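One structure is given here, and the rest of the page talks about it.
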Amino acid sequence: MQNLFRLLPSVDKFLQAFATHKELAWISQPMQREKINQFLDLCRQEIRDQVITDPEELAWEKLVTRAASFVCSQSRPHFRRVLNGTGVVVHTNLGRSILADSAVEAVSDACRYYSNLEFNLATGKRGIRYAHVEDLLCRLTGAEAALVVNNNAAAVLLILDTWAKGREAIVSRGELVEIGGSFRIPEVMAKSGAILKEVGATNRTHVRDYENAINENTAVLMRVHTSNYRIIGFHKAVSQEELVALGHKHDLPVIEDMGSGNLFDFSAYGMMPEPTVQQTVAAGLDVISFSGDKLLGGPQAGIIVGRKKYIDPIKTNQLNRALRIDKMTLAALEATLRLYLDPELARTHVPTLSMITADASFLKAKAQRMKQRLKRRFSDRLDLTLVPSVSRVGGGAFPEQDLATTLVGIKGRDWSADELKNAFLATNPPLVGRIEDDWFCLDPRTLDSRHMGLVIEALQEAFEGLGKDGLKDKEYKK
Ligand SMILES: *Cc1c(COP(=O)(O)O)cnc(C)c1O
């Protein structure tokens, strides 16, 4: 055993060898040193445990390869891509929307080069950040003016801070929602300094409830899209048109937090009716806010559109400076919005839209192909099946909408569904799926066919119970 210990090379010898290794070039020297030491500790442990007994296993060529993949896998960035096999398209925990290719390129250019972010190329003088998207947003929604901030929560805060600080905002009790991730309408309102005036009952609110609540301290009438839940049964909400009529009668701005805020009409794809931003603008709402990365399928952003006389003071609010959007977001948003100028182009090129509108027979054929490929590779270790099921839109949108799909169900002969699930979380990239009736399931809706190779590699990796560094799984995870 002592002789085996003596065969272990020095840290410096590894460092020297890694100096010309292209995958390791981006890992700092101190980090490499730390990981090599950990690797050597593991080797010593394997010698003590008599996992390594043959000096051949400590041959330099063998060891340096193992050490390199150990250092690589242990120095991976914390923030990484994952494969989404859940079928939830706007998966908040997995980064909501993924971007269209043209948006990705726009972000890359915005980062790599100087830009006209706040520079007017016609005059050679200072320009306005929002100019890049304001016209597009107006054209797409029919609104008079627009601006964009960090996210929709920021948009709601900024709108209320501008129009209702220290005064009353009237909201229906049925709309005081909480959105996942700690966004609660009453709390955001409190932060803005607006005084929440609740009206109606949880299930029913009438126009007269709003009207009776209006007084000299009323600043706005507010609607909130109850994105993530539905009241069914004995239920009454005031329509956009009714509220607009009331607001305008009393010269009060009527604002709406639309949540997802889709520019695309999904009803042609057999989905439940959801008002589009265009329809909401046409209904006469004065200020409307929505997210950039939910149904729109763009980057994280809070988009505010509406009548110029109400939008202008929002633009000049000092708070706006603290909530402003960055150049990468702006680049991605403009590229995404440009696709919407042709709705069919948007549907085929904005991944969120193409995944939501993917039809059941297409998904079934895709699932069959996935199953075949997996079967060819893993039939000795895996049972595979197709499971008719449903996917979800996610992001609090269309909460009750079932999207028909076909899942590929996987059962390992020696693995429980939970063990499979955990093994896939440790692969590179990790593969996130869902468990249905003891099958670990992958939904083809959110898995790009071009990434099937990666799914197969992930399966291979998980099934071997080995990390790519060749260390046994339990050691790998320590
Ligand atoms: C999602 C949502 C928000 C928060 O939007 P972010 O862009 O995540 O800040 C606010 N209001 C409603 C109704 C929502 O659905």
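Taking the condition in contact (Cβ under 8 Å) with a residue 60 or more places away in the chain, away from the ligand (no atom under 16 Å from the Cβ), under 30 Å from H248 (Cβ atoms) and of a type in the set (K, R), does R307 pass? Spell out how you get there, then give the answer.
On the way: in contact (Cβ under 8 Å) with a residue 60 or more places away in the chain: yes; away from the ligand (no atom under 16 Å from the Cβ): yes; under 30 Å from H248 (Cβ atoms): yes; of a type in the set (K, R): yes.
When the stated conditions are applied, R307 passes them.
Would you pick out the residues in the range 151-171 that are away from the ligand (no atom under 15 Å from the Cβ) and either farther than 23 Å from P313 by Cα or not acidic (D, E) (or both)?
Across the range 151-171, the qualifying residues are T162, W163, A164, K165, G166, R167, I170.
Can you tell me which residue in the range 310-332 is modelled with the lowest pLDDT, limited to those that are of a type in the set (V, I, T) and within 12 Å of the ligand (Cβ to nearest atom)?
I325
State the number of residues belonging to the range 430-445 that are β-branched (V, I, T) and within 19 Å of T352 (Cβ to Cβ).
1
Could you grab the pairs with beta carbons closer than 6 Å, sequence gap of 6+ or different chains, first residue in the range 423-437 and over 17 Å from L94 (Cβ atoms), second one surrounded by 16 or more Cβ atoms within 10 Å (Cβ to Cβ)?
Taking only residues 6 or more apart or on different chains, the pairs are A423/A462.
Go through (1) at pLDDT below 95; (2) farther than 29 Å from I179 by Cβ for F362 and report which single condition fails.
F362 satisfies every listed condition except (1).
Say we look at the range 172-189 and pick out the residues that are buried (at least 19 other Cβ atoms within 10 Å of the Cβ) and either more than 12 Å from the ligand (Cβ to nearest atom) or polar (S, T, N, Q) (or both); which of these is nearest to T226 (Cα to Cα)?
Step by step, filter the range 172-189, then rank; the result is G174.
Return yes or no: is Y210 within 16 Å of the ligand (Cβ to nearest atom) and either within 17 Å of S260 (Cα to Cα) or assigned by TED's automatic domain parsing to the domain that holds D286 (or both)?
Spelling it out, it is not the case that Y210 is within 16 Å of the ligand (Cβ to nearest atom) and either within 17 Å of S260 (Cα to Cα) or assigned by TED's automatic domain parsing to the domain that holds D286 (or both).
In the range 395-408, what residues are farther than 19 Å from T92 by Cβ and either in contact (Cβ under 8 Å) with a residue 40 or more places away in the chain or crowded, with 24+ Cβ neighbours inside 10 Å (or both)?
Step one: filter the range 395-408 for residues farther than 19 Å from T92 by Cβ, giving 402, 404-408.
Selection gives A404, T405, T406, L407, V408.
What residue, of D257, D265, is in contact with a helix residue (DSSP H, G or I) (Cβ under 8 Å, 6 or more places away or on another chain), more than 15 Å from the ligand (Cβ to nearest atom) and under 30 Å from E344 (Cβ atoms)?
Of the residues listed, the single one that is in contact with a helix residue (DSSP H, G or I) (Cβ under 8 Å, 6 or more places away or on another chain), more than 15 Å from the ligand (Cβ to nearest atom) and under 30 Å from E344 (Cβ atoms) is D265.
State yes or no: is G284 in contact with a strand residue (DSSP E or B) (Cβ under 6 Å, 6 or more places away or on another chain), among the small types (G, A, S), in contact (Cβ under 8 Å) with a residue 40 or more places away in the chain and outside any strand (DSSP E or B)?
No.
Within the range 273-282, identify whether any single residue is more than 13 Å from the ligand (Cβ to nearest atom), under 14 Å from A146 (Cα atoms) and of a type in the set (G, A, S), and answer yes or no.
Within the range 273-282, not a single residue is more than 13 Å from the ligand (Cβ to nearest atom), under 14 Å from A146 (Cα atoms) and of a type in the set (G, A, S).
Go through R112, R66, R80 for me and flag whichever is of a type in the set (D, E, K, R), touching a residue at least 60 places away in the same chain (Cβ under 8 Å) and closer than 30 Å to A332 by Cα.
R80 is the lone residue from the list that is of a type in the set (D, E, K, R), touching a residue at least 60 places away in the same chain (Cβ under 8 Å) and closer than 30 Å to A332 by Cα.
So that you can scan it fast, the table gives a plain yes or no per residue for (1) surrounded by fewer than 17 Cβ atoms within 10 Å (Cβ to Cβ); (2) under 26 Å from the mean Cα position of the chain (by Cα); (3) at pLDDT 85 or above:
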{"site": "S416", "(1), (2), (3)": "yes, no, yes"}
{"site": "F424", "(1), (2), (3)": "no, yes, yes"}
{"site": "F440", "(1), (2), (3)": "no, yes, yes"}
{"site": "E464", "(1), (2), (3)": "yes, no, no"}
{"site": "K472", "(1), (2), (3)": "yes, no, no"}
{"site": "E475", "(1), (2), (3)": "yes, no, no"}
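The values are calculated or read from the model by the stated rules, or taken from the named source; none is laboratory data. Everything numeric in this text was worked out from a predicted model, so none of it was measured. Heads up, the Cβs are rebuilt from the backbone with ideal geometry, glycines too, and the neighbour counts pull from every protein chain shown.
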